[in-house]
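Comments concern the structure below.
Laboratory data are not the source of any read-out in this text; all were calculated from the coordinates shown. Just so you know, these numbers come straight off a predicted model, no measurement behind them. Here the Cβ positions follow ideal geometry from the backbone for every residue, glycine too, while neighbour counts run over all protein chains shown.
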Amino acid sequence: MTNIRPKESVKNIAPYKGGEAKVAGVRDVIKLSSNENPYGPSENATEAWRKAGFELHRYPPSDHKTLTRALAAQVGLEEEGIICGNGSDEIISLLCQAYVGEGDEVIHTEHGFAMYRISTLAAGGTPIEVRERERLTDVEAILEACNERTKLVFIANPNNPTGTMIGGNEISRLAAGLPDQCLLVLDGAYADYVEHFDGGAGLVESRDNVVMTRTFSKLYGLGGLRVGWGYAPKPVIDTLMKIRPPFNLSRVQLETAEAALRDQDHITKCRSENARLRAWLAEALAEHGVLSDTSCANFILARFASEAEANACDAELRKEGLIVRKVGGYNLPNCLRITIGDEGSCRRVAHVIGLFKEGDASDPTVKADVSA
């Protein structure tokens with residue numbers, strides 16, 4: 001047994017940890033650590049989930065045709081350019097499996113999603129971390145880091161955990177400047193929160209070196225089902241299909257996601273409420289000296305004076321049953337990422353942080369007003 005060892009690159013992986021959901025000694029908690037939709041999926045999606053339960057003994061279709069057709073029709077895409085995965089994480093993993101090996105490099109930004117590094121190491125490649133500019137993706141820094149070994153460049157737009165995003169001209173400049181052997185992967189997990197934004201789909205169709213990933217876990221409220229998808233040039237899709245597990249999505253996942261996609265009234269309502277409460281919470285915290293960059297996602301990145309202050313505020317929030325996300329692992333030790341919950345959640349967060357900054361977290365009076 002002593003000679004059975006994993007690849008050296010795998011030894012360097014720190015397992016991904018999701019947002020916490022419990023606080024010891026606190027019964028009723030509000031989870032604001034995983035960027036989940038506080039309103040959940042639409043009623044149509046929930047009903048589809050129930051109906052799909054009657055066929056649990058049947059294998060799901062392996063071609064995902066009903067969902068890919070629905071996506072193509074709803075978003076205005078070419079059906080043959082779509083691939084579905086068990087969350088967009090699986091698409092990220094498949095890209096690394098297909099295009100990255102020993103000696104290859106994969107670029108991600110300093111505050112980028114942890115799975116870029118994990119999937120790169122799992123494939124045997126070398127992750128290259130590139131600086132950001134004031135928590136904003138720096139295209140020039142990425143291009144400077146590219147070389148003949150660069151196979152993939154991952155950027156999330158909007159980014160997690162910063163919430164910031166860069167414009168289409170910058171994305172186009174990045175795609176045009178990459179080495180010939182390199183794919184640009186646009187992680188659009190939060191693209192649905194930006195009204196009239198295609199997440200990079202147009203660039204995928206106009207170039208041969210761009211891939212877009214998307215998810216049903218955030219705005220569509222299906223984080224518990226794990227359904228994601230990707231859009232890419234057909235040669236890339238053909239490659240990924242060779243290694244994609246044949247039954248990676250269950251019938252329940254496929255049918256529920258399709259129903260969620262078709263209920264755009266629910267999506268519009270959730271997007272609107274998120275935008276309203278995101279703006280209010282950012283302003284409410286700014287009044288107490290806790291600043292954040294303009295967020296285009298369903299969270300804000302609250303910045304404190306130091307790591308110690310961020311940790312102290314987190315502890316105060318947890319006492320009140322409010323679980324947010326510490327992001328020291330994303331090179332942001334002085335920050336807390338706070339999911340935009342419903343109105344009551346936002347009121348409570350603003351109240352507790354306000355009292356913390358004033359030095360009196362015991363006052364039970366709620367002074368916040370989120371009317372808009």
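Here's how it looks for T215: its modeled amide H is under 5 Å from those of W229, which are all 5 or more places away or on a different chain. Cβ crowding within 10 Å ranks L183, L77 as L77, L183, fewest other Cβ atoms first. Working from label points 7 Å from Cα in the Cα-to-Cβ sense, the A315 to K7 distance is 4.2 nm. Restricting attention to the chain, close to 45% of DSSP beta bridges with both partner residues there are antiparallel. Across the chain, counting alpha-carbon atoms alone, Rg and Dmax equal 21.0, 64 Å.
Approximating the spin labels as points 7 Å out from Cα along Cα→Cβ, the R173-to-V75 distance works out to 2.6 nm. Note on the range 186-321: Rg/Rh from Cα positions, Kirkwood definition for Rh, rounded to two decimals, is 1.06.
Computed over every Cα-Cα pair of the range 109-220 and binned at 5 Å starting from 0, the pair-distance distribution P(r) comes out as 2, 12, 23, 26, 22, 11, 3, 0 percent. Calculated FRET efficiency, Q264 to E148, Cβ-Cβ distance, R0 = 56 Å: about 0.80 to the nearest 0.05.
Structural descriptor for the range 43-262: relative contact order 29 percent, calculated from alpha carbon pairs under 8 angstrom and at least 6 residues apart.
Measuring against 21 Å, Cα to Cα, the residue pairs K22/K51; K11/K242; K7/K242; K17/K357; K151/K234; K17/K242 contain K22/K51; K11/K242; K7/K242; K17/K357; K17/K242 as the ones spanning a longer distance.
Taking amide hydrogens as placed 1.01 Å from N in the peptide plane, the amide H of V210 sits under 5 Å from those of L184, each at least 5 positions away in sequence or on another chain. On the beta carbon distance between E129 and A279, with R0 = 30 Å, the FRET formula returns roughly 0.45.
Compared with the alpha-carbon gap, the fully stretched path from K234 to F247 is longer by 2.6 nm at 0.36 nm per residue.
The ranking of W229, W280 by Cβ neighbour count inside 10 Å, starting from the fewest, reads W280, W229. Per residue, the convex hull spanned by the alpha carbons of the range 43-262 comes to 111 Å³.
Beta bridges from DSSP with both residues in the range 43-262: antiparallel share about 30 percent, rounded to the nearest 5. Spin-label model, K51/A24: points 7 Å from Cα along the beta carbon direction are separated by 4.7 nm.
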